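Asker: Dropping a structure here in structure tokens format, bear with me for questions.
The values are calculated or read from the model by the stated rules, or taken from the named source; none is laboratory data. Since the structure is predicted, the reported quantities are computational estimates derived from the model, not experimental observations. Quick reminder, even Gly has a Cβ in these numbers, built from the backbone with ideal geometry, and neighbours come from all protein chains shown. Heads up: the accessible areas ignore ligands, DNA and RNA and are worked out on the full protein's heavy atoms, side chains in. Shrake-Rupley method; radii C 1.70, N 1.55, O 1.52, S 1.80 Å.
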Amino acid sequence: MHWCLPFRFLLTLLSSILALGDSGFAQLDGAPPSKIAIVGAGIGGTATAHFLRQHFGPEVHIDVFEKGTVGGRLATVTVNHQDYESGGSIIHSLNLHMQDFVKQLGLKYRKNVAGKTAVFNGEEFILEETDWYLLDLFRLWWRYGISFIRLQMWVEEIMEKFMRIYKYQGHGYAFSSVEELLHSLGGSGFLNMTHRSLSESLLELGVSQRFIDEVIAPVMRVNYGQNISIPAFVGAVSLAGAQANLWAVEGGNKLVCSGLLKLAKANLIQAQVTTISPHAAGESTQYQLNYATLTEKGSEFYDIVVVATPLQSSVGSGISFQGFEPQLPDIAGSYHHTVASIVHGYLNCSYFGFPDPKLFPFASVLTTDSPGLFFNSAASICPVNISTGFRRKQPQEAGVYKVFSPQPLDKPALKTLFRSYYSVQVTDWQAYPHYGSTQDLPPVVLHDSLYYLNGIEWAGSAMEMSSVAAKNIALLAYHRWSRQLEMVDQKDLMHKIKTEL
Ligand SMILES: Cc1cc2nc3c(=O)[nH]c(=O)nc-3n(C[C@H](O)[C@H](O)[C@H](O)COP(=O)(O)OP(=O)(O)OC[C@H]3O[C@@H](n4cnc5c(N)ncnc54)[C@H](O)[C@@H]3O)c2cc1C
């Protein structure tokens, strides 16, 4: 749409001549932006489209660029005519944005199919869930003392503070950085948790080393493919995801993304954004996005741009920022590879010490951080559509299993875990940040009206974290555009909100 550029430019120039007062990132005449671009149609990008539509109203044109498949890291693979989650799969009952999306889109919760979990150390099971809750509690107490109670209280306290975000966002408050957001929720304690290791924080809390090695480490391995040296904040996000009351979306979690695009009346452009560059348009800035499909190249101008994909060079978004003065800072860090292998076959229960598969009672096997263990977890999984009367396959039957491992499983590894198999489907994910304990959190505001969503993943990578970041960016973009800066980075929000009521 190059043809309309001079006209748009004139309009922008006119509005900036008419505008009085200081220059900056926003329009002064109260007019909404006319075009917004979002790069990436994962849950972060599509939720941003939805929230931006809510805040800026029906007139603004929203383009969402996607170089791959809508859903991004929410994806399914098909085995025997049934679909299974291969990326982000579970959602916590207190993930209120995800819940709200499902409700607004008329989607359904997928039924939970019970199954027991055990922890394997490469030689034997060291912890086994039974059918009796009280027995499990007694065993935990016997082996670890009150470590699990201390842990539970710690996670609950963090979650309670984290839940404040829904109140703040409900009242329209936004944050210009991940640090500001975390600080408003949990003060310097939350910020410290993004720098201190999980093991250090838990030891200080009085959780035993044995509990950390045998329970916490397996949870970190299944959720983030990493060990207990990850930062305490992301550790807490991971532990919250290991609690009861988890759910998923019937038909596949990615349905939320396609649904939100429709709800937002956003225009999906299947193309890779290659460059983003600023152009002065009177007193404000527009951004030129160059993009490429397999067959052609294009270019468009936007008033606001949200990048909703990781920008670390190792992830390969292929976006280059050109013409910024000063240059935009490099986004440091790298993403962690996790290989998800969806295997249709017969589990080798003998490997786990159960020669008779009929006696193998577990649906999920987690692992400790033991040298030589080549997989993080192996679990019998259920399809995204669960019909009434569905039952989980027994280990003596051919079932569908998801194995997470740091490297693709070679033939010997597959033969170790499976007696035989019909198919293996492999997704090598750049799954989540490779967490170091001293990583700085990336910026949210890259330039006047250019925003970056995925910095939040360095505090915690999950569907809900991307959704919280999406709502924050929509509010931030709206307040900065309309110059309501009193709604950004306000201190002491709990108190403020109480007195507002
Ligand atoms: C194996 C695995 C298991 C997980 N398990 C869970 C879980 O159980 N629960 C949970 O809550 N979270 C889980 N997560 C994390 C969760 O999936 C992610 O945090 C979340 O999906 C990230 O969404 P996003 O939209 O921010 O990023 P993405 O989903 O990565 O979306 C970014 C999109 O941008 C597109 N893109 C990139 N560059 C360009 C470009 N230049 N132009 C156009 N498009 C571009 C990409 O193709 C992609 O579709 C898991 C992740 C993985 C990989």
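Asker: Considering only the range 238-273, state which residues are touching a Gly at 6+ places or on another chain (Cβ under 6 Å) and assigned to a strand (DSSP E or B).
Answerer: Correct list: Gln272 only.
Asker: Write out, first by first residue and then by second, each pair whose Cβ atoms fall under 6 Å of each other, whose residues are 6+ apart or on separate chains, and whose first residue, in the range 334-348, is closer than 12 Å to Ala378 by Cα while the second is at pLDDT below 95.
Answerer: Listed pairs, sorted by first residue: Leu347/Pro395.
Asker: Ile36 versus (1) at pLDDT 95 or above; (2) farther than 25 Å from Glu156 by Cα; (3) open to solvent by 10 Å² or more (accessible area, probe 1.4 Å): which is the lone unmet condition?
Answerer: Evaluating Ile36 over (1) at pLDDT 95 or above; (2) farther than 25 Å from Glu156 by Cα; (3) open to solvent by 10 Å² or more (accessible area, probe 1.4 Å) leaves (3) as the failure.
Asker: Another question about this same structure. Ile149 - would you say it is of a type in the set (Val, Ile, Thr) and touching a residue at least 12 places away in the same chain (Cβ under 8 Å)?
Answerer: Numbers: of a type in the set (Val, Ile, Thr): yes; touching a residue at least 12 places away in the same chain (Cβ under 8 Å): no.
No: the conditions fail for Ile149.
Asker: Could I ask something else about it? Could you please let me know if Gln327 is within 14 Å of the ligand (Cβ to nearest atom), more than 30 Å from Trp154 (Cα to Cα) and surrounded by fewer than 18 Cβ atoms within 10 Å (Cβ to Cβ)? Spell out how you get there, then give the answer.
Answerer: Details: within 14 Å of the ligand (Cβ to nearest atom): no; more than 30 Å from Trp154 (Cα to Cα): yes; surrounded by fewer than 18 Cβ atoms within 10 Å (Cβ to Cβ): yes.
Spelling it out, it is not the case that Gln327 is within 14 Å of the ligand (Cβ to nearest atom), more than 30 Å from Trp154 (Cα to Cα) and surrounded by fewer than 18 Cβ atoms within 10 Å (Cβ to Cβ).
Asker: Continuing with the same structure: Looking at Leu107, Leu127, which one is assigned to a loop (DSSP other than H, G, I, E, B), touching a residue at least 60 places away in the same chain (Cβ under 8 Å) and not hydroxyl-bearing (Ser, Thr, Tyr)? First the steps, then the outcome.
Answerer: Numbers: Leu127 fails: assigned to a loop (DSSP other than H, G, I, E, B).
Matching residue, one of Leu107, Leu127: Leu107.
Asker: Here's another thing I want to ask about it. For residues that are in a helix (DSSP H, G or I) and of a type in the set (Phe, Trp, Tyr), scanning just the range 443-495, find the one that is nearest to the chain's Cα centre (by Cα). It would help to see each step written out before you state the result.
Answerer: The first filter runs over the range 443-495 and keeps only residues in a helix (DSSP H, G or I), leaving 454-458, 463-481, 485-487, 493-495.
Narrowing further to those that are of a type in the set (Phe, Trp, Tyr): 458, 478, 481.
Numbers: Trp458: 10, Tyr478: 23, Trp481: 27 Å.
Among those that are in a helix (DSSP H, G or I) and of a type in the set (Phe, Trp, Tyr), it is Trp458.
Asker: Do the conditions hold for Leu289, that is, is it near the ligand (Cβ under 10 Å from one of its atoms), assigned to a loop (DSSP other than H, G, I, E, B) and touching a residue at least 24 places away in the same chain (Cβ under 8 Å)?
Answerer: Values: near the ligand (Cβ under 10 Å from one of its atoms): yes; assigned to a loop (DSSP other than H, G, I, E, B): no; touching a residue at least 24 places away in the same chain (Cβ under 8 Å): yes.
For Leu289, the condition - near the ligand (Cβ under 10 Å from one of its atoms), assigned to a loop (DSSP other than H, G, I, E, B) and touching a residue at least 24 places away in the same chain (Cβ under 8 Å) - is not met.
Asker: Right, here's the next one. Being over 19 Å from Met463 (Cβ atoms), among the aliphatic types (A, V, I, L, M) and at pLDDT 95 or above: is that true of Ala264 here?
Answerer: On the way: over 19 Å from Met463 (Cβ atoms): no; among the aliphatic types (A, V, I, L, M): yes; at pLDDT 95 or above: yes.
Spelling it out, it is not the case that Ala264 is over 19 Å from Met463 (Cβ atoms), among the aliphatic types (A, V, I, L, M) and at pLDDT 95 or above.
Asker: Moving on. Just to verify a result, which residue in the range 442-480, among those that are touching a helix residue (DSSP H, G or I) at 6+ places or on another chain (Cβ under 8 Å) and among the aromatic types (Phe, Trp, Tyr), is most open to solvent (accessible area, probe 1.4 Å)?
Answerer: Tyr478
Asker: Which ones in the range 197-211 are crowded, with 18+ Cβ neighbours inside 10 Å and in contact (Cβ under 8 Å) with a residue 60 or more places away in the chain?
Answerer: Looking only at the range 197-211, we keep the residues that are crowded, with 18+ Cβ neighbours inside 10 Å, and these are 197-199, 201-202, 207-208, 211.
Once the filter is applied, which keeps residues that are crowded, with 18+ Cβ neighbours inside 10 Å and in contact (Cβ under 8 Å) with a residue 60 or more places away in the chain, the range 197-211 yields Ser197, Val207, Ser208, Phe211.
Asker: In addition: Specify the residue that is nearest to the ligand (Cβ to nearest atom); the eligible residues are those in the range 45-71 that are assigned to a loop (DSSP other than H, G, I, E, B) and open to solvent by 50 Å² or more (accessible area, probe 1.4 Å). Quick ask: steps written out before the conclusion?
Answerer: As a first pass, look at the range 45-71 and keep what is assigned to a loop (DSSP other than H, G, I, E, B): 57-60, 67-70.
Among the residues that remain, those that are also open to solvent by 50 Å² or more (accessible area, probe 1.4 Å) are: 58-59, 67, 69.
Details: Pro58: 24, Glu59: 25, Lys67: 4, Thr69: 6 Å.
Within the range 45-71, the match that is nearest to the ligand (Cβ to nearest atom) is Lys67.
Asker: Only one of Pro412, Pro408, Pro383, Pro433 is in contact with an Asp or Glu (Cβ under 7 Å, 6 or more places away or on another chain) and open to solvent by 20 Å² or more (accessible area, probe 1.4 Å); which? Give the steps one after another, and end with the answer.
Answerer: Details: Pro412 fails: in contact with an Asp or Glu (Cβ under 7 Å, 6 or more places away or on another chain); Pro383 fails: open to solvent by 20 Å² or more (accessible area, probe 1.4 Å); Pro433 fails: open to solvent by 20 Å² or more (accessible area, probe 1.4 Å).
When all the criteria are applied, what remains is Pro408.
Asker: A follow-up question, please. Search the range 235-248 for residues that are at positive phi and pair each with any residue that is in a loop (DSSP other than H, G, I, E, B) and open to solvent by less than 40 Å² (accessible area, probe 1.4 Å) when their beta-carbon atoms are under 7 Å apart and the residues are at least 6 apart or on different chains.
Answerer: Asn245/Ser93
Asker: Continuing with the same structure: Restricting attention to the range 349-380, report how many residues are touching a Phe, Trp or Tyr at 6+ places or on another chain (Cβ under 6 Å) and open to solvent by 30 Å² or more (accessible area, probe 1.4 Å).
Answerer: 1
Asker: When you check Gly172 against the structure, is it away from the ligand (no atom under 16 Å from the Cβ), at pLDDT 95 or above, open to solvent by less than 30 Å² (accessible area, probe 1.4 Å) and in a loop (DSSP other than H, G, I, E, B), yes or no? Steps first, answer last, please.
Answerer: Values: away from the ligand (no atom under 16 Å from the Cβ): yes; at pLDDT 95 or above: yes; open to solvent by less than 30 Å² (accessible area, probe 1.4 Å): yes; in a loop (DSSP other than H, G, I, E, B): yes.
Here the answer is yes, as Gly172 does meet what is asked.
Asker: Same structure again: For residues that are modelled with pLDDT of 95 or more and either closer than 12 Å to Met163 by Cβ or among the charged types (D, E, K, R) (or both), scanning just the range 92-107, find the one that is nearest to the chain's Cα centre (by Cα).
Answerer: Ranking the candidates gives His97 first.
Asker: Working only within the range 72-85, note down all residues that are near the ligand (Cβ under 7 Å from one of its atoms) and either small (Gly, Ala, Ser) or part of a strand (DSSP E or B) (or both). If you could, list the steps in order and put the result at the bottom.
Answerer: First, pick out the residues of the range 72-85 that are near the ligand (Cβ under 7 Å from one of its atoms): 72-74.
Residue satisfying the conditions is Gly72 alone.
Asker: Something else: Farther than 22 Å from Thr76 by Cα and of a type in the set (Ser, Thr, Tyr): which single residue out of Ser405, Ser377, Ser467, Ser449 fits that description?
Answerer: Numbers: Ser405 fails: farther than 22 Å from Thr76 by Cα; Ser377 fails: farther than 22 Å from Thr76 by Cα; Ser467 fails: farther than 22 Å from Thr76 by Cα.
One residue alone meets the criteria, Ser449.
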